[in-house]
Amino acid sequence: MDLIEINDTLLEYRPDNLILQSFQARDRKLCIAFTCDGGEREDFAYIVEFTHAVCFHVPSVLYVPIQFRVSDAKLAKNYIPSISLDESEFGEKGLKLVLLCNEKALPVGYYIAAESVLSEWVSREKCDFVW
């Protein structure tokens, strides 16, 4: 899971808001929108979509800059409640534990366990919960 380009975009445009867009249970897609209040990207949202997201703890709205970091799978038990954790699903070809971190790369307590991630800029008009 390569988050370098996503983190570079988040650092470059410094979005003001993280807004949970949706979770589609059938496809296990978790979508998060990042928006900018002002600037050249004000009319757009940066959508980050995690595919095959099996468990996660994310806020519905967050007003601090965020970076994503893949954590060592051995640390999954520190974030994911034991009732939802199957360590055998994590690994090189399986799930990755993605931590939401502040600008100093310190975890802020939220996580996503998913297989892959995609991102794109879209018009705010295409987002469900962007104001």
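Summed over the stretch 18-28, residues that are in a loop (DSSP other than H, G, I, E, B) and surrounded by fewer than 15 Cβ atoms within 10 Å (Cβ to Cβ) total 3.
Close contacts from the stretch 102-123, counting a first residue that is more than 15 Å from GLU5 (Cα to Cα) and a second that is open to solvent by less than 50 Å² (accessible area, probe 1.4 Å) and of a type in the set (Phe, Trp, Tyr), with Cβ to Cβ under 7 Å and a gap of 6+ residues or different chains, come to ILE112/PHE50; ALA114/PHE50.
Among residues of the stretch 66-79 that are of a type in the set (D, E, K, R), those with a Cβ under 8 angstrom from a residue that is not in a strand (DSSP E or B), sequence gap 6+ or separate chain, pair up as ARG69/LEU3; ARG69/ALA105; LYS77/LEU85; LYS77/GLU87. Residue-level analysis places ASN102 outside the set of residues that are in contact with a Phe, Trp or Tyr (Cβ under 8 Å, 6 or more places away or on another chain) and not β-branched (Val, Ile, Thr).
Which residue out of GLU12, GLU5 is open to solvent by 90 Å² or more (accessible area, probe 1.4 Å) and touching a residue at least 60 places away in the same chain (Cβ under 8 Å)?
Matching residue, one of GLU12, GLU5: GLU5.
The values are calculated or read from the model by the stated rules, or taken from the named source; none is laboratory data. Small disclaimer: the values here were computed from a predicted structure and weren't measured. Positions of Cβ are backbone-derived with ideal geometry, glycine not excepted, and every protein chain shown enters the neighbour counts. SASA here: full protein model, heavy atoms, side chains in, ligands and nucleic acids out. Shrake-Rupley method; radii C 1.70, N 1.55, O 1.52, S 1.80 Å.
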